[in-house]
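Heads up, the thing below is written out as structure tokens.
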Amino acid sequence: MKRSLLILAVIAIAAILLGLALDPRSYGVRVLCLILMAAALGQAWNIVGGLANQISLGHAAFFGIGAYTSTVLQVQFELTPWIGMPIGAVLAAVAAGAIALPTMRLKGPYFALATLAFGEICRIGAQAMSGVTGGPQGLSVPFYGDSLAMMQFRQPGAYVPLFAALFFLVSAVFAVMSHGRLGYMLRAVRENEEAAEVTGIDTVRIKLTGAIISAACTALVGGLFAQFTFFIDPDTVFSTTEISIRAALIAIVGGVGLLWGPIVGALFVVLVEEFLNSTLSDALPGISPFLFGVALVVIVIARPEGLVSFRHLVTDRFGKKGKEA
Amino acid sequence: MTTKAILLGSALALGALPAMAQDTIKIGAIFPLSGPNAQFGNSSVNGMRLALERMQEETDGIADRVELVVTDVPAPGDAPAATQRLINNDGVVGLIGSFSSSITLAASEITERAQVPMISHSFADQITERGYEYIFQISSKGSAIGAAQLNHAVEIAEAEGVDVSSIAILYEDTSYGTAQAAGIRDAAAEAGIEVAVDQGYPLGISDVSPLINSVRRAEPDIVFPVSYLNDSLLIVRTMRQQGLSTPVVGGAAGYIIPAFKDGLGEFTENVFSVAPANYDYVPEINADYEEAHGTFMPHEALMYGAALQHMITAIEEADSTDPVEIRDAISALEYCDGFASGLPGECIAFDETGATTTGFPIFVQWRGDDIVTVYPPESAREEPIWATAD
Amino acid sequence: MTPLVQAILDGLLVGGVYGVVAVGLSLVFGVLGIVNFAQAEFLMLGMYVAWFAWSFLGLDPMLGAVLALAAGFMLGYVIQRLLVQRVMSSDHVAQIFLTVGLLAVMENGALMIFGPDFRSVQTDAQMISYRLGPFFISAVYLKAFVAAVAISVALWALLNRTWLGRAIRATAQDAPAAQLFGINTRWIYGIAFGLGAALTAFGGGIVLSFAPAYPTIGANYVVLMFTVVVLGGLGSVMGALLGGLLVGIVQSASTLVLPIQLQNLALFVIFIAVLALRPEGLLGKAAK
């Protein structure tokens, strides 16, 4: 585990250094932020999706709660996101607890669909509560120019350390959980819930803890997303496709349940998307999402365990050990 | 650096070459070309391409060097990265976009911080109410369009001797729908007209019977729907089915595009709608558009074509490709040629917030396969017909 | 009382359409055990088939729906044999995300082939409704409902009265056992997926009679379809049809007490409650 944490720290520091090397106003630096954000989001999802194998398709609920909480507190009370984001994380944890009660026992596709409906409920709720959220017209983060106190900067370059820190935090949480008692128990629940219960594991409490931590992490990512893009609306931050499915997608493309899965997944997903958008966007409308869909189909069929599994090809060929991530 | 400047300066003094000759000048276009608003995004880009083409034919200026860099932004979440890419990688000196208000809001957060000007035709009030310097809005705000939707309808009806005491507002719960519905609601309150039905509904609703049932029970004098195409067809048809003859005054978007006629045929006749602009001001440009695309030029094509021409002219005026100077030129310019002559004020100019000072909403009415400007009287091409459906 | 009865009538008619659109999703889940996120794209495709049939052959969308049925079957069968078959033994995650990839491919493929334009049909039925005392019955929704009932009866007969239907049901219940009895289950999986696609495409033809076709129309129906199959019981064919009626009625009747804006909120709350309390669906095993 120490080795994992060390590697994560190295990745985060490397990302910060890369950010310093790039032009702070550039598109490249924004892509770097997007990759770190995607990795953090995928990793947060991985806590329930990977360790407990509960395929949540409703993480947009927590992402949106995080984004809206810190933004609303800024708009209404000029509260800094440094405080607003943790509050958002707490609210998301409460929401996760509330939705876990009716859905915890569900398995596979049933759980996926229930969480999907929960995400939609939150989206409709945000749209309807226009007094607080601004409704469908969305909310702009108040303009402060460059202000560390309000976690806001003109240039995307300034966000690299923030995203790198968040990435490290969420990944470290995953690594610690994965190697620790909680991760062990979550995996036991995943393999065989009844057997886990017989051995004295309080499966309900374990799953609830996992869901709450995952939701809180997701909310932090949502809060920073709002600071980074300055504008949020319900369709964006509570989006089933752009957030919920994407969070799962990042983990799955890389490798579900593995620490390196969301990192590889984020690199792949963001880079392929941005490459397709920047080269093909004006060629033929629809071609870049089309090709992205093709890539997804190919990956799922060719590497159902995710891209990380390519590593085994290499290590196996050279006769090294390395089945465990 | 200084020698270059001196060389350039002397070249200018000699009048031999315009500043930075030969270089292409890139202008970014951010529009939803895929996703649910794809049709509107594509026709906006069609309008801009036509506007550029005509400008290149008609003038000897800078237009020949302008290249449009079009990028597909289907949703607001994609806007920041795309905007940044256009500014930093493609080196665009200004942006035009993005049809839907939420995409415009997201993109303009980036242009503001990068200090690159952007011209938009999205309706949302907030676009120019955030105190930003680099965003310009060529159409009236959603609230003003909503107010005009109500006030003009009441004026036309009362001129025909029809008294309006209660109305129904049906709007989709999108950014555009809620903003414009608020405009109608406020104007009704001011005019002392009762809002008998005030219903938002989810985008993509598959059966509007509940809405129409409530309209039938409330018996309002006018129905004001604010929606894209899908719901606009359902609302008009379901009213027809139930034999409701209450006049329908549409809220732009779905009510003033060729597909509205495709879906309803003869039942579009005499349907009113508020509109930010209409092609009948510029029949010659419309003929070009129709030849290329097979339909009349929808208002978004006209508006965005005008926005592009305004920006190109501003670059010419600024005699610079520095985005900050272009921004000042856009702000100072009053542009009244080409596509801009087809807008209601027949010009484009902005106040210090970037909102339009010349634009105002007009009323159009379906006549056969065309929509005709009928109100206010000084803009009208034909008289309005206040006919209740029989 | 009249508004309530009217709301139930409206909900029932449109609910029939929801049922047909969603039944394919339930069939695919019941037989293959796969939640197909791309299912609504067959609806979009069916709408285009029916639109071309209307535009070039002058066929009413209800007849065009039959062509859509055939096209949907062929495409569904091919997709299953070429792609879905390869993940039949994979994890749920892989299965779900294969269909998410298919969704992106189909939606954007349609955009590239057909363009972004809205395509609608004009039929007489769109402007007519029948009066029953104080009640209105929309002709176009009535026709859609009748078509939905007809296809449901045909489906029921196919599943219960033919060898193929018995083979499909046997495969759904216990694939290895079915194989022992000489059923080529791989082939049956292809047939079932094709049938599911065909039913949804047929539903698309019906939907075209009142809504315009465009590449992303599927997104308007996808969550609704999931709700229908969950209420009816995932995997249950007759349950999906009844679930459709129920969703139609809930959507329509809830508007009498809730703002229409929240009609889907009501639906999703019921959705989660049903999943939590009765995962076999409101209608339970009886509907299977």
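A viscosity of 1.306 mPa s and a temperature of 10 °C, combined with the Kirkwood radius over Cα pairs in Stokes-Einstein, give a translational diffusion coefficient for chain C of 83 µm²/s.
Residues of segment B:35-51 that lose at least 50 Å² of accessible area (1.4 Å probe, protein heavy atoms only) when the other protein chains are present, relative to their chain alone, are B:39. For the chain pair A and B, buried accessible area totals roughly 2500 Å², probe 1.4 Å, rounded to the nearest 100. Neighbouring Cβ atoms from other chains, within 10 Å of the Cβ of residues in C:211-217, number 6 on average. A 1.4 Å probe run over segment C:2-287, with the rest of the protein chains in place, finds 34 Å² accessible per residue. Coupling constants for segment C:173-184 follow from the phi torsions by the Karplus curve (6.51 cos²θ - 1.76 cosθ + 1.60, θ = phi - 60°), and in residue order they are 6, 7, 4, x, 5, 4, 5, 4, 8, x, 8, 7 Hz; glycine and proline get x.
Taking max minus min of the alpha-carbon positions on each principal axis, chain B gives extents of 78, 38, 36 Å, largest first. In a reduced charge model with +1 at each Lys and Arg Cβ and -1 at each Asp and Glu Cβ, the protein assembly as shown shows a dipole moment near 6160 debye about its Cα centre. Taking the helices alone, chain B has a mean residue ellipticity at 222 nm of -13500 deg cm²/dmol, built from -39,500 (n - 2.57) per DSSP H run of at least 4 residues and averaged over all its residues.
Shown is the FRET efficiency for residue A:176 and residue C:90, computed with R0 = 30 Å from the Cβ-Cβ distance and rounded to the nearest 0.05: 0.50.
For segment C:1-133, the Cα gyration tensor yields ellipsoid semi-axes of 32, 21, 13 Å (square root of five times each eigenvalue, largest first, whole Å). Here the 3J(HN,Hα) profile of segment B:290-297, calculated from phi with Karplus coefficients 6.51, -1.76 and 1.60 at θ = phi - 60°, is 4, 4, 7, 10, x, 9, 5, 7 Hz, Gly and Pro shown as x. Between A:155, A:137, A:76, the Gaussian network model of chain A with springs among Cα atoms under 10 angstrom shows the greatest mean-square fluctuation at A:76.
When the Gaussian network model of chain C links Cα atoms closer than 10 Å, the mean-square fluctuations of C:120, C:89, C:55 top out at C:89.
Annotation: peptides C:104-115, C:229-240, ranked by per-residue average of other Cβ atoms within 10 Å with the highest first, follow the order C:229-240, C:104-115. With contacts taken as Cα pairs under 8 Å at a separation of at least 6 residues, segment C:2-287 carries a relative contact order of 39 percent. With a simple spin-label model that places each label point 7 Å from the Cα along the Cα-to-Cβ direction, the separation between residue B:383 and residue B:320 comes to 5.4 nm.
Comparing B:32, B:117, B:220 in a Gaussian network model of chain B, where Cα atoms under 10 Å apart are tied by springs, the biggest mean-square fluctuation is seen for B:220. Given +1 at the Cβ of Lys and Arg, -1 at the Cβ of Asp and Glu and no other charges, the dipole of chain B around its Cα centre is 1000 debye to the nearest 20. For residue B:31, the residues 5 or more places off, or on other chains, whose built amide H falls under 5 Å of its own are B:71, B:73. Scaled to the globular estimate 2.2 N^0.38 Å, the Cα spread of the protein assembly as shown, given as radius of gyration, is 0.94. Only one residue of C:256, C:55, C:19 has its Cα farthest out toward the positive end of the dipole of the protein assembly as shown, where Lys and Arg carry +1 and Asp and Glu -1 on Cβ, and that residue is C:19. Using a cutoff of 8 angstrom between alpha carbon atoms and counting only pairs six or more residues apart, the relative contact order for chain B works out to 17 percent. Expressed as a whole number of Å, what is the distance separating the alpha-carbon centroids of segment B:355-376 and segment A:161-218? Computed from Cα coordinates, the inter-centre distance equals 60 Å. Amide H contacts of residue A:231 (H built 1.01 Å from N, in plane; Pro and chain starts excluded): A:141 sit under 5 Å, all sequence-distant by 5 or more or on other chains. Please work out the C-alpha center-to-center distance from segment B:44-79 to segment A:98-138 and express it in whole Å. Cα centroid to Cα centroid, the span is 40 Å.
With loop membership from DSSP and a limit of 10 other Cβ atoms within 10 Å, the longest segment of chain A without GluC sites (Glu not before Pro) is A:79-323. Taken about its Cα centre, segment C:2-287 carries a charge dipole of about 540 debye when Lys and Arg each add +1 at the Cβ and Asp and Glu each add -1 at the Cβ. Taking the 0 to 90 degree range and rounding to the nearest ten, how far is the long axis of helix B:79-88 tilted relative to the main principal axis of chain B, both from C-alpha atoms? Once rounded, the angle reads 20 degrees.
Converting phi to 3J(HN,Hα) with the Karplus coefficients 6.51, -1.76 and 1.60 and the offset θ = phi - 60°, segment C:225-235 yields 4, 4, 4, 4, 6, 5, 4, x, x, 3, x Hz in sequence order, with x at every glycine or proline. When only Cα pairs below 8 angstrom with a gap of at least 6 residues are kept, segment A:2-239 shows a relative contact order of 39 percent.
Taking Cα atoms of segment A:2-239, Rg/Rh with Kirkwood Rh, to two decimals?
0.99
Remark on segment B:49-117: Rg and Dmax equal 13.3, 39 Å (Cα only). The C-B contact accounts for approximately 3100 Å² of buried accessible area, totalled over both chains at a 1.4 Å probe radius. Shown is the FRET efficiency for residue A:23 and residue C:122, computed with R0 = 56 Å from the Cβ-Cβ distance and rounded to the nearest 0.05: 0.50.
Taking all protein chains in place and a 1.4 Å probe, what share, in percent, of the accessible surface of chain B do carbon and sulfur account for?
48 percent
Residues of segment A:13-29 that bury at least 30 Å² of accessible area once all protein chains are present, compared with their chain alone (1.4 Å probe, heavy atoms only, ligands and nucleic acids left out), are A:25, A:27. Segment C:1-51 and segment B:243-291 have Cα centres spaced 32 Å apart. Across all Cα atoms of segment B:41-179, the radius of gyration (one decimal) and Dmax (whole number) stand at 18.5, 60 Å. The long axis of helix B:299-318 is offset from the longest Cα principal axis of chain B by roughly 20 degrees. Extending 7 Å from the Cα toward the beta-carbon at both residue B:160 and residue A:82 defines two label points whose distance is 6.4 nm.
Put +1 on the Cβ of every Lys and Arg and -1 on every Asp and Glu Cβ in segment C:2-287; which of C:144, C:71, C:177 then has its Cα farthest towards the positive end of the dipole? So the residue furthest toward the plus end is C:177.
Along the axis of the charge dipole computed for segment A:2-239 (Cβ charges of +1 for Lys and Arg, -1 for Asp and Glu, origin at the Cα centre), the listed residues A:29, A:150, A:174 are led at the positive end by A:174. Value of Rg to Rh for segment A:168-325, rounded to two decimals, is 1.02; Kirkwood radius and Rg both from alpha-carbon coordinates. Rounded to the nearest 5, the antiparallel percentage of DSSP beta bridges internal to the protein assembly as shown is 35%.
The values are calculated or read from the model by the stated rules, or taken from the named source; none is laboratory data. Quick caveat, the model's predicted, so the values are computed rather than measured. Heads up, the Cβs are rebuilt from the backbone with ideal geometry, glycines too, and the neighbour counts pull from every protein chain shown. Each accessible area value is taken on the protein alone, full model and side chains, heavy atoms only, with ligands, DNA and RNA left out. Shrake-Rupley method; radii C 1.70, N 1.55, O 1.52, S 1.80 Å.
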